[in-house]
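Written out below as structure tokens is the structure these notes cover.
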Amino acid sequence: MSAAALVQLMRTPESAAALRADQWNGILSAARAERLLGTLAALLEYVAVPDAVRAILADARRDAEREQRIALWEANRAVEALAPLGLEPILLKGAAYAAAGLNAARGRMIGDLDILVPRDRLEEAEGALLAAGWEWVKPDPYDDAYYRRWMHELPPLIHRERDRMIDVHHTILPLTARPRPDAAALIAQSVEIGGGLRVLSPADRIIHAVAHMLADGDLSGGLRNLWDIKCLFAEIEDKSELERRAARHGLTAHLARARRLADHVYGQGETRVTLADRVFLRRLLSRDAWGRDSRKWLGLAFYIRSHLLRMPPLMLIRHLWTKWRKGHRPV
Amino acid sequence: MRHSLTLAIGPATFRIGSAWEQPIAQLRALYAAYPQDAAAIADYAVRLEPAGPLRRWWRPSVRIAGDHMLPDAAPMALRHGLLAAEMGMNLQMALGWRRHLLIHASSVEKGGRALVMTGESGSGKSTLAALLGERGWRFMGDEFALLDLADGRVHPFPRLVSLKNAAIGVMRAEVNDATRFGPMMRETPKGDIVHLIPPQDSIARMREPARPALLLFPRYGFARDVRPVGQGEAFMRLTQASTNYVALGEAGFDALHRFVTGVPALAVDYESGAAALDIIDALWGEVA
């Protein structure tokens, strides 16, 4: 499986010298599909690779630099738009890693801008962003109502001139999910990094990455999320604080699993993994040499799991029925 | 994937995989003169996949996928599989290429200097380049001109010429060699399409760039007219004709700026291929 070859190379960049052309082809396609090519390029910056690979990695490095520049500019624009309210948004995920200069940001592709604001100020924030040029992209009233009632974020907004998406969060998991992270604690512990920018505390950054990967979603893009987590682990100083925060947010088991998976995929692989962990690993490492998901059924199972995580069964049935009637099909 | 082929066109190498044999066999034959090194490291993978669980066999239908994809691309009939493969490769270039400023333009070369023609679909830029390629010019490409970011030269991307509708008859009358034409694909999303293998010399010299000498904005179906195009207008029109101008940032701006300030630009309206060739001859005489 090429995903396995990819993570093997990420673990030991110096093994690049031994790779054959067909292995490179599989690794490059798997890395693109997992949005890890820029990260791979950063890891291999000072490693000897074939000329054809060097050119591809140089392109990826340039793309990642551009994405980070744009992401930080978007963050700057959001701060500017919210400043009159006296509101300092907290950056999440990619933009936060880039703004704080963390290792997870090296070569990382950054898509949307994710920010966190207190729930009781959500309406004001929304109004300010709309006034500053962001617009709705979910025209469907059901979707809009669903977001507002049940999700951890506003329906996505896109800026009309810059064409960039912003997700405004008020917590880090949907309100329907079983764990209930303490959003007020996340905000209270956030740290200022200059330029009017704030990010979550080191421990809460990990908690958010773990919640995002294991308590929400179907694990697509999981390898990238796990790489973030691996990098964040390496940079945290107070490990006991991390346990305390996980307990406070109801994510202790998720944190433990993330630790095992990260060790197994990107680390020494010394931790014992459970049977369930093995299923997660199979899902994470499912890209073949053409960048395809070679385990479609497992993907479908995780898709169903993502919905069960997100809402209780009866609500789920009603939701799926509504979406089906509107023509939505999974996969 | 079950069937596959590695193929180099100009500076780019593609790995094309398919669930069916037919598109790969067609590519292998039509691109026989191009490097096909199965042991090469490819810049991009292109996949021709069944558009649904049964679509490999039942009313076979191709989804174009690969390293770079469009989320909502419409599937195509398998009999248009060759076109799907071409579109897949174009898509990789349009979305992924960063080593040159990529301009949606055709180009031909004579005496080490390049003529670049850009315009919307139907402007005739592709047919004109193919015609010139049979009449003493070196055909460099009918779809993408690759502008060097460091020295401003134009690099060829001489993929198969994609002839549409009336252009098919024009080129059949021009080229007396049936083996250079691919199969007729009728009723594709772009009309009837036949591929034409570029002249041998064009393929043999596909890694040889040329200094741009003239930029034309041809427009087919209008009364003969030639107008100068200002540098500002040429710049703006080329930003729209480029798929990676924004992605390249400052390097893209510099390359385009150098191009429009160094190369004269003209808008050319014409009513027939013969008229266009006349005009080009005259204009080339002035700049060369």
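The values are calculated or read from the model by the stated rules, or taken from the named source; none is laboratory data. All of these numbers come straight from a predicted model, not from anything done at the bench. All Cβ positions, even for glycine, are placed from backbone atoms using ideal geometry, and neighbour counts span all protein chains on display. To get the accessible areas, we keep the full protein, side chains included, count just its heavy atoms, and leave off ligands, DNA and RNA. Shrake-Rupley method; radii C 1.70, N 1.55, O 1.52, S 1.80 Å.
Miscellaneous remarks
- In a DSSP loop and with at most 10 other Cβ atoms within 10 Å, the GluC sites (Glu not before Pro) in segment A:209-278 are A:Glu237, A:Glu270.
- In a fully extended conformation the segment linking A:Ser306 and A:Gln268 would gain 10.8 nm over its present Cα-Cα distance, using 0.36 nm per residue.
- Per residue of A:20-32, other chain Cβ atoms within 10 Å of the residue Cβ number 4 on average.
- One way to sum up the overall shape of segment A:227-318 is the equivalent ellipsoid from its Cα gyration tensor, whose semi-axes run 26, 21, 11 Å, largest first.
- Amide N of segment B:186-217 lying under 12 Å from the label point, which is placed 7 angstrom from the Cα of B:Arg113 along Cα→Cβ: B:211-215
- Here is the list for segment B:1-110: trypsin sites (Lys or Arg not before Pro) lying in DSSP coil, each with at most 14 other C-beta atoms within 10 angstrom of its C-beta, are B:Arg2.
- Net charge dipole size for segment B:3-96 [Lys, Arg +1 and Asp, Glu -1 on Cβ; Debye, nearest 20]: 360 debye
- Of B:Pro53, A:Ser15, B:Leu5, farthest towards positive along the dipole that unit charges on Lys, Arg, Asp, Glu beta carbons give the protein assembly as shown: B:Pro53
- Our estimate of slack between A:Glu241 and A:Arg278, defined as 0.36 nm per intervening residue step minus the Cα-Cα distance, is 10.5 nm.
- Screening chain A for DSSP H helices whose Cα atoms reach 30 Å or more along their own axis and whose mean Kyte hydropathy is at least -1.0 gives A:51-82.
- Cα gyration tensor shape of segment B:3-96, rounded if a/c is under 1.5, else prolate or oblate by comparing a/b with b/c: oblate
- Estimated dipole of chain A in Debye, rounded to 20 [Cβ of Lys and Arg +1, of Asp and Glu -1, Cα centre]: 1340 debye
- Alpha carbon convex hull of segment A:47-98, volume per residue in cubic angstrom: 63 Å³
- Per-pair calculated FRET efficiency, R0 = 41 Å: B:Ala73 and A:Glu124 via Cβ, rounded to 0.05: 0.50
- Three-way shape call for segment A:142-188 based on the alpha-carbon gyration tensor, with the a/c threshold at 1.5: oblate
- Peptide A:50-60 has a mean shielding of 3, counted as Cβ atoms of other protein chains within 10 Å of each residue's Cβ.
- Share of carbon and sulfur in the accessible heavy-atom surface of the protein assembly as shown [1.4 Å probe, %]: 53 percent
- With an a/c value under 1.5 for the gyration tensor axes a ≥ b ≥ c computed over the alpha-carbon atoms, segment A:1-60 is described as rounded.
- Pairwise FRET efficiency - B:Ala274 versus A:Asp144, Cβ, R0 = 60 Å, nearest 0.05: 0.55
- Take the Cα of B:Lys164, go 7 Å toward its beta carbon, and the backbone nitrogen atoms of segment B:220-235 under 16 Å from that spot belong to B:220-221.
- Think of each Lys and Arg Cβ as +1 and each Asp and Glu Cβ as -1; about the Cα centre, that makes the dipole of the protein assembly as shown roughly 2100 debye.
- Measuring how big chain A is from its alpha-carbon positions, Rg and Dmax come out at 20.0, 57 Å.
- Per principal axis, descending, Cα span of segment B:100-287 in whole Å: 44, 35, 35
- Across chain A, C-alpha contacts under 8 Å between residues 6 or more apart give a mean separation that, scaled by the residue count, equals a relative contact order of 19 percent.
- The protein assembly as shown: radius of gyration and largest Cα-Cα distance (Dmax), Å: 26.9, 81
- The alpha carbons of segment A:1-118 stretch over 57, 24, 20 Å along the principal axes, in descending order.
- Candidates per chymotrypsin sites (Phe, Trp or Tyr not before Pro) in segment B:1-47, loop by DSSP, up to 11 other Cβ within 10 Å: none
- Put a dot 7 Å past the Cα of B:Thr179, heading toward its Cβ, do the same for A:Trp297, and the two dots end up 5.0 nm apart.
- Size descriptors for segment B:235-287 (Cα atoms only): Rg and Dmax, in that order, 14.5, 40 Å.
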